[in-house]
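Notes follow once the structure below has been shown.
The values are calculated or read from the model by the stated rules, or taken from the named source; none is laboratory data. This is a predicted model, so every value here is computed, not measured. Because the Cβ atoms are built from the backbone with ideal geometry, glycine has one as well, and the counts that use them run over all protein chains shown. Surface areas here come from the heavy atoms of the whole protein model, side chains and all, with no ligands, DNA or RNA. Shrake-Rupley method; radii C 1.70, N 1.55, O 1.52, S 1.80 Å.
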Amino acid sequence: MIGQLVDKYGWGASTTTIYTALALAVCLLIYLLFEERHILRMEERANAEHK
């Protein structure tokens, strides 16, 4: 698909697409990091209540 993008719009469009995908992936990873921390805290509280 990148080849078709380059043929139709040039190298600038493919570079923009790749950087946009990279930025989206980094944002999702940051979101998942915070969600994982939240879930771990919830599990710790639940385990503390059962002891």
**Study point:** Per-region count, the chain, residues at pLDDT below 95 and among the acidic types (D, E)
**Key:** 4
Review point. Limited to the stretch 1-22, what total is found for residues that are assigned to a helix (DSSP H, G or I) and open to solvent by 80 Å² or more (accessible area, probe 1.4 Å)?
Key: 10
Practice item. Consider only pairs whose beta carbons are under 9 Å apart and that are at least six residues apart or on different chains; among these, list those whose first residue lies in the stretch 23-51 and is touching a residue at least 60 places away in the same chain (Cβ under 8 Å) and surrounded by 10 or more Cβ atoms within 10 Å (Cβ to Cβ) and whose second residue is β-branched (V, I, T) and part of a helix (DSSP H, G or I). Key: none
